[in-house]
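Here the structure is laid out as structure tokens; the discussion comes afterwards.
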Amino acid sequence: MTLTNLAVCEALIFAQKSGVDPARMLEALSAGAAGSWQLSNLGPKMLRRDFAPGFKVRLQRKDLRLALESAQQMAAALPGLALVSQLFSAVEAAGCGEEGTQALIKALEQLNGVQVKSATPVAVWGRRQRRRHHGTCPEVGRLGKAGGGSGSGAPSPPRASAAAMASPSST
């Protein structure tokens, strides 16, 4: 589930940076073999900036920590799990622990210096609709900075080093 969430985030970032409307990309991918529950349900929420929790980031972090501990005990190398754990750690450290796991998009937006937006209205594809929750944690350029960004309107560069992001030992 966490790697699928990451794949959805990466697809949205890729679409945004390549000039493809992310909502159109979601619609196209959801109709084919690449479709998944997370693509059809969390993808539109990410585009609407709806971070109401279905499952909270802080609970996802706990589950990832437990999975990493078990993997370590079994000497199982799970680099995807470690990567997603580090990205969720960044989201939680930014004050977004009470938001839904779709807030993972915020970490990738910061790393890429973009905010995913769509010119197309985004349909609610899931069965349940929740109240929109934009959350209280920072957006692009402010993730990892208490109290705000640079004030210039430009995204701030990522604050974590590549080594810190890759290290699963801090979970």
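The values are calculated or read from the model by the stated rules, or taken from the named source; none is laboratory data. Keep in mind that this is a model prediction, so the values were computed, not measured. So basically every Cβ, Gly included, is an ideal-geometry build from the backbone, and we count neighbours across all protein chains shown. Please note that ligands, DNA and RNA were not included when accessible areas were found on the heavy atoms of the full protein model with its side chains. Shrake-Rupley method; radii C 1.70, N 1.55, O 1.52, S 1.80 Å.
Those helices (runs of 4 or more DSSP H) of the stretch 1-84 in which at least 1 residues are modelled with pLDDT under 95, surrounded by 15 or more Cβ atoms within 10 Å (Cβ to Cβ) and out of contact with any strand residue (DSSP E or B) (no Cβ under 9 Å at 6 or more places or on another chain), considering only elements entirely within it, cover 2-18, 22-30, 37-48. Answer yes or no as to whether Ser150 is over 24 Å from Gly54 (Cβ atoms), open to solvent by 30 Å² or more (accessible area, probe 1.4 Å) and modelled with pLDDT under 95. Here the answer is yes, as Ser150 does meet what is asked. Examine the stretch 123-132 for a residue that is touching a helix residue (DSSP H, G or I) at 6+ places or on another chain (Cβ under 6 Å), at pLDDT below 95 and either of a type in the set (Lys, Arg) or within 29 Å of Arg24 (Cα to Cα) (or both), and state whether such a residue exists. Within the stretch 123-132 (the criterion being touching a helix residue (DSSP H, G or I) at 6+ places or on another chain (Cβ under 6 Å), at pLDDT below 95 and either of a type in the set (Lys, Arg) or within 29 Å of Arg24 (Cα to Cα) (or both)), the answer is yes, since at least one residue qualifies.
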